[in-house]
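What follows is a set of notes on a single structure, which appears directly below.
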Amino acid sequence: MTQNSMNDGPKIALFEPDIPQNTAAIIRTCGCLGVKLEIIEPCGFLLNDKRFKRVVMDYMDEKEIRYYENSNQFFDEKKNQRIILMTTKASSSYTKFKFKKNDTILFGRESAGVPQYVHEMINNRLKIPMKNNKRSLNISSSVAIILAECLKQIKLI
């Protein structure tokens with residue numbers, strides 16, 4: 001089963017992404033799986049770069065990407081919605097979590113994650129279990145893993 005509308009399912013949110021290639025890969029994943037992408041600015045690269053825009057347009061309709069000027073705008077607009085933070089600092093595994101249809105799954109910056117105030121604002125914090133002494137997966141790989149589980153649970157794939 002495929003998703004009919006990107007507004008009817010989960011959303012991936014990127015907190016101030018700083019590596020354009022990772023963001024482009026996430027755009028491709030979201031576009032192919034029919035998931036809306038939300039980008040919280042500022043980004044560590046130019047969103048109007050022609051090369052970046054070409055990737056965006058090739059894999060996802062621009063109207064399916066929502067840009068927030070900053071985290072205040074994002075959290076104000078999401079105050080009545082469930083946000084799940086993916087973080088290596090979480091104690092709970094994504095495999096034991098029950099995703100819901102309209103969840104927003106938030107991923108931090110590749111270089112720094114999210115600030116402490118974001119951790120404190122969000123009740124649902126999950127991690128992808130990894131072998132000891134490993135710092136983290138690439139963010140685009142993490143998005144793909146979490147989206148696959150979320151879409152499976154809510155029966156959109």
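The values are calculated or read from the model by the stated rules, or taken from the named source; none is laboratory data. Nothing here was measured: the structure is a model prediction, and the numbers come from that model. Cβ atoms come from the backbone with ideal geometry, glycine included; neighbour counts cover every protein chain shown. For the accessible areas, the whole protein counts, side chains as well, though only heavy atoms, and no ligand, DNA or RNA atoms are used. Shrake-Rupley method; radii C 1.70, N 1.55, O 1.52, S 1.80 Å.
The table for this structure:
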item	result
Of 101/152; 63/101; 36/89, those spanning more than 18 Å from alpha-carbon to alpha-carbon	63/101; 36/89
Only Lys, Arg (+1) and Asp, Glu (-1) charged, at Cβ; the chain dipole about Cα centre in debye	700 debye
Cα lying deepest toward the dipole's positive end in the range 8-157, options 43, 143, 118, charges on Cβ	143
Derived scalar couplings ³J(HN,Hα) [the range 60-66; Karplus, 6.51 cos²θ - 1.76 cosθ + 1.60; whole Hz; x for Gly, Pro]	7, 5, 3, 6, 8, 10, 9
Dipole axis of the range 1-87 (+1 Lys, Arg; -1 Asp, Glu on Cβ), positive-most option in 19, 84, 55	55
Peptide ranges 68-81, 141-154 listed from the most packed, as the mean C-beta count within 10 angstrom indicates	141-154, 68-81
Accessible carbon and sulfur surface of the chain relative to its total accessible area, %, 1.4 Å	47 percent
Surface accessible to a 1.4 Å probe, per residue, for the residues of the chain, Å²	56 Å²
Total formal charge among the other residues, if their Cβ is under 10 angstrom from that of residue 90, Lys/Arg +1 and Asp/Glu -1	+3
Bridge type composition, the range 45-157 - antiparallel percent by DSSP, nearest 5	10 percent
